[in-house]
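For reference, the structure is listed below as structure tokens.
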Amino acid sequence: MLAAMSQPPAAASRDEPVIRERGDACPGALRLHAADDGFLARVRIPGGLLSAPQAAALALAADRFGDGHLELTSRGNVQLRGLGDGCGAGLAELLDGAGLLPAPSHERVRNIVATPLADPGPVRALDALLCGDPRAAALSGRFLFAVDDGRGDVAALDPDITLLGPDAGGRTLLRLGAARDAVEVSDGDAPRAALAAAHHFLDAVAAAGTRAWRVAELPAEHSLDAAEFARRLAASGIPARYVADAPRPYAPPPAPGVHADALCVLIPLGRLATAQWRTLPGELRITPWRSIVVTGAPVVDAGLVTDPDDPWLSVTACTGKPGCAKSLADVRADARAVVVQTASRGALPVHWSGCERRCGHPRGAAWVDVVAAPGGYRVTAPGRPARHDVPANELAAVLADARTDPDVVKK
């Protein structure tokens, strides 16, 4: 009997609502997280938009206070690791001077992913509304907004509130969680409608009494209703139309390489040294797929990936040792060793995890699951029996087999 692929826990089922007894401890730029390799700061970058001076400030912060590296997250934010004890005030001053902390009370809720090659105007408008709204500070650091230009790339990332559009008529769809229905508003009203949707969620959280952090965690009797929300918008002066079966377009992330006047650069495992970071000139857009879109300036070769067929394109990993106390292996080092031996990408992505939590795992797709265990690695792929206790020196062959299975490729 074939073993089913062991998958990470999904968002909570409404049949079993999450009841939180504590506040959200998600790290930020002002709330540092103690890791095994020092403190960690997560700097929110709404829409991944970074000016050249802001990018320079992040590199300076990594060199002055951290381990000289920057990490990209699956929400297009930037993490600094290896921070020393007592650096919080100096780090905050540096980031604030670069305009990266426009609203200290809101810095952990500025979670906005956006289509990297789209007009940044709606992201900036939504971020300004969030930062200026006192009630928005009550959102969890895990609550996610997506501003998708209509192609469906960031709309596929499990956002809590999605703006999709505008269409040719200047209309934008607003979706609440993963619902099939949506609300249609004008393009100009979309940022205000997204903030109103966040208020709608907070009202539901208060009514439910479960301290839910995300839309999917609301119990069924308090789930968000798009038709009700459309009426709520209209009553507040924002014309809205209920759409019972909204379209769900999908587009893959931008591949490494040239896109019109922009270049997409993949960062292997989402981690790069400040010397590499500084070779990326001008305005940057950090993507949720651990790549960077550079606009309007040439990029100096710094060992980063610009080939759309590079083996690194479909390899991700959690932090692993030595940064994470829960990890059983240095998964990044082991992943690099395998990629060096790999000639092609394979049919399925691979995610490396140092423990059963599988932090940073791919969303909405089948993948080869590589999880560190006390006796080696467990390797599982869709439709195939799990391989247990695989030693590091056999991983390249085992993964090549798992990623190229004819039945998997056919599907």
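The values are calculated or read from the model by the stated rules, or taken from the named source; none is laboratory data. Everything numeric here is computed off the predicted structure, so don't read it as measured data. Cβ sites come from the backbone with ideal geometry, for glycine too, and all protein chains shown count toward neighbours. Calculation scope for accessible area: heavy atoms of the full protein, side chains included, ligands and nucleic acids excluded. Shrake-Rupley method; radii C 1.70, N 1.55, O 1.52, S 1.80 Å.
Things worth noting here:
- Given charges at beta-carbon only (K, R positive; D, E negative), |dipole| of the chain in Debye: 380
- Heavy-atom accessible surface of the range 268-373: percent carbon and sulfur, 1.4 Å: 54
- Our note on the geometry: Cα centres of the range 335-358 and the range 95-133, 33 Å apart.
- If you run the Gaussian network model on the chain, springs between alpha carbon atoms under 10 Å, then out of Q79, Q276, Q341 the most flexible one is Q341.
- Within a Gaussian network of the chain (alpha carbon springs, distance under 10 Å), most fluctuating of I292, I112, I238: I238
- GNM result for the chain, Cα springs below 10 Å: residue of A220, A329, A114 fluctuating most strongly: A220
- Shape category assigned to the range 14-133 from the gyration tensor of Cα positions, a/c cut at 1.5: oblate
- Entry comment: accessible area of the chain is 43 Å² per residue, from protein heavy atoms only and a probe of 1.4 Å.
- Secondary-structure-derived ellipticity at 222 nm for the chain, considering helices only, amounts to -6500 deg cm²/dmol, per-run term -39500 (n - 2.57) for DSSP H runs with n ≥ 4.
- Cα centroid separation - the range 19-63 against the range 206-257, whole Å: 27
- Separation of alpha-carbon centers, the range 155-191 and the range 312-331, rounded to whole Å: 35
- Semi-axes of the equivalent ellipsoid for the range 205-324, computed as √(5λ) from the eigenvalues of its C-alpha gyration tensor and ordered from largest down, come to 40, 21, 14 Å.
- Gyration tensor (alpha-carbon) shape descriptor, the range 119-190, a/c threshold 1.5: oblate
- Lys, Arg +1 and Asp, Glu -1 on Cβ, resulting dipole of the range 66-175 about Cα centre, debye, nearest 20: 280
- Applying a 4.7 Å Cβ-Cβ cutoff to the chain, the cysteines left without a disulfide-compatible partner are C26, C87, C131, C264, C324, C355.
- Cα gyration tensor, the range 91-220 - rounded (a/c under 1.5), prolate or oblate: oblate
- For the range 156-266, Kirkwood radius (reciprocal of mean inverse C-alpha pair distance, Å): 15.2
- Rounded to 10°, Cα long-axis angle of helix 331-340 versus longest principal axis of the chain: 70
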